[in-house]
Amino acid sequence: MITVDEAGTVTGWSPGAHLLLGYLAGQVVGQPVARILASGDRALSAVRDGWSGELTVRHADHRLLTLPAQAYALSHRGDRQWLLMVTEPEESFASQNGQAMLDWLFSGSPIALAVYDTHMRWVWQNTAMNRMIGTSQQERRVRQPQDVLTGPDVDHLERHLREAMDTGFATAAFTIRGRTPADPDHDHIFSATASPLRGRAGQSLGVCATAHDVTKQHRYRERLAILNEASMHIGSTLDLRGTAQELADVAVPRLADFISVDLLEPLLHGDEPGPVTAGARLRRMAHRSVNEGAPEALAEVGEVDVYPGQTPPARCLASGRPLLLRAMDSNVVQWFANDPARAETSERYGFHSWLFVPVCARGVTLGVTVFCRSWPNEPFEQEDLVLAEELVTRAAVCLDNARRFTREHTAALALQRSLLPKQLPWRPSLEAAFRYLPASSEFGVGGDWFDVIALSGARLALVVGDVVGHGIHAAATMCGLRTAVRTLADVDLPPDELLTHLDDLVTHHDAVEVTDPGEARTSDTTATCMYAVYNPITRNCSFACAGHPPPVVLTPDGTIVFPHVAPGPPLGLGGLPFETSELELPDGSEIVLYTDGLISSRGGDIDEGLEQLGRALARPATSLAERCDAVLDALLPEHPSDDVALLIARTHALHEDRVAIMDVPADPAVVADTRSWASRRLETWGLEGMGFVTELVVSELVTNAIRYGATPIQLRLIKDTALICEVSDASSTAPHMRRTRVFDEGGRGLLLVAQLTRRWGTRHSREGKTIWCEQPLAEDHSTTR
């Protein structure tokens, strides 16, 4: 290989030329090439670009050799250089393949090749480069890289070329993006290398650049990367807005410059939307833009956007098929003609192409997603639409799952709220306030419940419970347990016995036989419960615990007390007994019952949660409702992970002048005295109008106790929100109301009591039983404390 300048001076001498002709590079470089040509300058004058033929040359040993040769022009203007390729005349395998290799390099190689001189001016390119850039060697008159490659990576290319030329080492493959005359409307991705060109003496001659168009492979990898990111990030929560925003975050800016996700209104409530046949009214769930704050959005997140019937989004919703439109399409022109605000926004931000993709899952259309591109980005193509459909399809399944979860969560929450008390019963002896906070939607509805139950003898039961788990199953279990507690409370069982019966109920519920041998029970019900009974006459409070957090008592002087309550196992485990703990409360004390979500929501241990609860309760509050709010604000995060039920009750003693007690001898003759005693007590309370019924009830209950019971016998009248009459005796045998026949002499007493009073019942104790009944007070006495 020999290079010759325009004056005929040898500028380059390869090692192959030395082996072929015997001259060292130092002997010929800088000398006229005519000295080694037999015909001198006449032979050189016939050489032209692309010439091939034979040249007669002088060997260093003075022999004349006729050798095959080819000539190539390295440039067409300025410092013209010629490349002479001289080969051995023998028809050897090596020389034939060497010639074929050169022909392949210049004409058949798929690798585009270009040569630049030391000033980064173009010198030569092969046929593959001609095809790639769309400019042939004869047409190319420009000399800098930026003349055939436009885009931000031109400087990146030139930096790599100079680096290879300056260091003398080929660069590793690098990627550049740009547009060429072959396709001026679309960006292409090229994988390029740069290798230095040096003469025999080591001087820098320029740099050789190779390039390969990898646009398709790059876009394929980019699509896979977007889909992979979508699979990891879309659907991380069961929240409609969160899922829609995840879709928008994945698509911008890698696929679109602006995206909006709009869903039909019923979806927000968990309902299944019906078919869309006319204009669409959609709720904006999310949008994202390459511009800060998404100024292109005509509707903010949460607002409604309306698309008339013939607009592209409405057509996309109605048909369930995606659309790819550009600014010049007639559908877009008509749409903007009828919607000037949208047309003005599109023009301001340079939108030129749109993708409208319906959000469809399980055969139901949920909404529409709009992708927009603006200048200078190239317009959407069909492959972009396919990618957008894939993203939206993945998001649609997640959105439908979120819709179904919303429906289940709403149903469970509605069920739970419908079963919880709307207001608590009012009694002079107890005032109460409560708060119930469901968990954040992603955690599902729990099974927390609370209740205040009026018992006989002016007593009240306080109960707070928590079913382990979330969802409709937990809410339904809570419903069954709350109903069971009310039923057992009506029987007036002591707290420990009530929890024992409740535990049996849960255990038997889970022990249902499985008829199908292949069917297995999926879960066991477990719950905790705290049950307390407050007696305003004795100021005594009885507690029983089933695996529940302990109660807290705030005394009137501000002291926080954590009373010792014998712990019991959670409901559903069985095997261990429950115990009742007694505590006498000062008048005006506050009992605080709660579920574990209150003291464990911030992730700390139970002791730390109890300390925080004590500090929150110690703060001054003007009302029980204010105290409830202060406790929740102090202990709960913004989005609690578990339901929280809080019940605070302030106790009041029932004054002695509201309770009258008479010991009754076991003698039928004293029944008249008991009637007279009751009548006098009613006169003292100003309830003379209730005397007739009260005397009849006292007579019947005392007579039954004398006849069928055991001593000691006691009569007690209590004035609370009702007039309560109680007769106690030492017998455990309880009377039963029965249907009497015409000629029966007895059996009508309890029937009369049931007909004349609001309610009646039997309460058992370790000392015997108590038969009680209640009469509503006259209207003008109903609010007397």
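Results, tabulated for the structure shown:
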item	result
Residue selected from region 749-785 under the condition of a type in the set (Asp, Glu) and farther than 20 Å from Ala730 by Cβ, by the criterion modelled with the lowest pLDDT	Asp780
Verdict on Val357 being of a type in the set (Val, Ile, Thr) and buried (at least 22 other Cβ atoms within 10 Å of the Cβ)	yes
Among residues of region 594-609, those that are outside any loop (DSSP other than H, G, I, E, B) and either acidic (Asp, Glu) or touching a residue at least 60 places away in the same chain (Cβ under 8 Å) (or both), counted	4
Which listed residue is modelled with pLDDT under 90, of a type in the set (A, V, I, L, M) and in contact with a strand residue (DSSP E or B) (Cβ under 7 Å, 6 or more places away or on another chain), from Val468, Val445, Val452	Val468
Tally, over region 193-218, of residues that are on the phi > 0 side of the Ramachandran plot and either exposed (fewer than 15 other Cβ atoms within 10 Å of the Cβ) or under 52 Å from the mean Cα position of the chain (by Cα) (or both)	1
All positions within region 153-177 that are in a loop (DSSP other than H, G, I, E, B) and more than 12 Å from Thr210 (Cα to Cα)	Asp153, Gly168, Phe169
Out of Asp271, Asp305, sole residue that is in contact (Cβ under 8 Å) with a residue 40 or more places away in the chain, assigned by TED's automatic domain parsing to the domain that holds Arg254 and in contact with a strand residue (DSSP E or B) (Cβ under 6 Å, 6 or more places away or on another chain)	Asp305
Lone qualifier among Leu238, Leu247 - being closer than 30 Å to Glu408 by Cα, assigned by TED's automatic domain parsing to the domain that holds Leu268 and in a loop (DSSP other than H, G, I, E, B)	Leu238
Long-range neighbours under 9 Å by Cβ, at least six apart or interchain, first residue assigned by TED's automatic domain parsing to the domain that holds Arg763 and at positive phi within region 686-708, second among the aliphatic types (A, V, I, L, M) and crowded, with 22+ Cβ neighbours inside 10 Å	none
Tabulated pairs, region 576-593, first more than 12 Å from Cys541 (Cα to Cα), second aromatic (Phe, Trp, Tyr), C-beta under 8 angstrom, 6+ apart or interchain	Leu593/Phe450
Selection count where residues are in a loop (DSSP other than H, G, I, E, B), touching a strand residue (DSSP E or B) at 6+ places or on another chain (Cβ under 9 Å) and hydrophobic (A, V, I, L, M, F, W, C), scope region 9-61	6
Qualifying residue in region 184-192 (condition: over 43 Å from the mean Cα position of the chain (by Cα) and aromatic (Phe, Trp, Tyr))	no
Positions within region 614-646 being outside any loop (DSSP other than H, G, I, E, B), under 31 Å from the mean Cα position of the chain (by Cα) and either of a type in the set (S, T, N, Q) or closer than 30 Å to Ala458 by Cα (or both), in sequence order	Cys628, Asp629, Val631, Val644, Ala645, Leu646
Yes/no for Val727 being out of contact with any Asp or Glu (no Cβ under 8 Å at 6 or more places or on another chain), under 25 Å from His655 (Cα atoms) and surrounded by fewer than 20 Cβ atoms within 10 Å (Cβ to Cβ)	no
Output for region 384-405, where each listed residue is more than 17 Å from Arg288 (Cβ to Cβ) and either touching a helix residue (DSSP H, G or I) at 6+ places or on another chain (Cβ under 7 Å) or outside the structural domain of Ser231 (by TED's automatic domain parsing) (or both)	Glu390, Ala402, Arg403
Long-range neighbours under 9 Å by Cβ, at least six apart or interchain, first residue farther than 19 Å from Val693 by Cα and outside any loop (DSSP other than H, G, I, E, B) within region 743-770, second of a type in the set (Phe, Trp, Tyr) and at pLDDT 90 or above	Thr762/Trp772; Arg763/Trp772
Set Phe578, Phe543: member being aromatic (Phe, Trp, Tyr), buried (at least 20 other Cβ atoms within 10 Å of the Cβ) and not in a loop (DSSP other than H, G, I, E, B)	Phe543
Complete set of residues in region 1-12 that are within 16 Å of Glu88 (Cα to Cα) and crowded, with 20+ Cβ neighbours inside 10 Å	Ile2
Ala294 vs. criteria over 27 Å from Val386 (Cβ atoms) and not aromatic (Phe, Trp, Tyr)	no
Long-range neighbours under 9 Å by Cβ, at least six apart or interchain, first residue closer than 16 Å to Tyr594 by Cα within region 611-623, second exposed (fewer than 15 other Cβ atoms within 10 Å of the Cβ) and charged (D, E, K, R)	Gln612/Arg602; Ala616/Asp633
Residue list for region 558-575, filter: assigned to a loop (DSSP other than H, G, I, E, B) and either closer than 21 Å to Val468 by Cβ or not assigned by TED's automatic domain parsing to the domain that holds Glu608 (or both)	Val565, Pro567, Gly568, Pro569, Pro570, Gly572, Leu573, Gly574, Gly575
Test result for Pro295, assigned to a loop (DSSP other than H, G, I, E, B) and surrounded by 13 or more Cβ atoms within 10 Å (Cβ to Cβ)	no
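The values are calculated or read from the model by the stated rules, or taken from the named source; none is laboratory data. Keep in mind it's a predicted model, so treat the numbers as computed, not measured. Neighbour counts run over all protein chains shown; Cβ positions are idealised from the backbone, glycine included.
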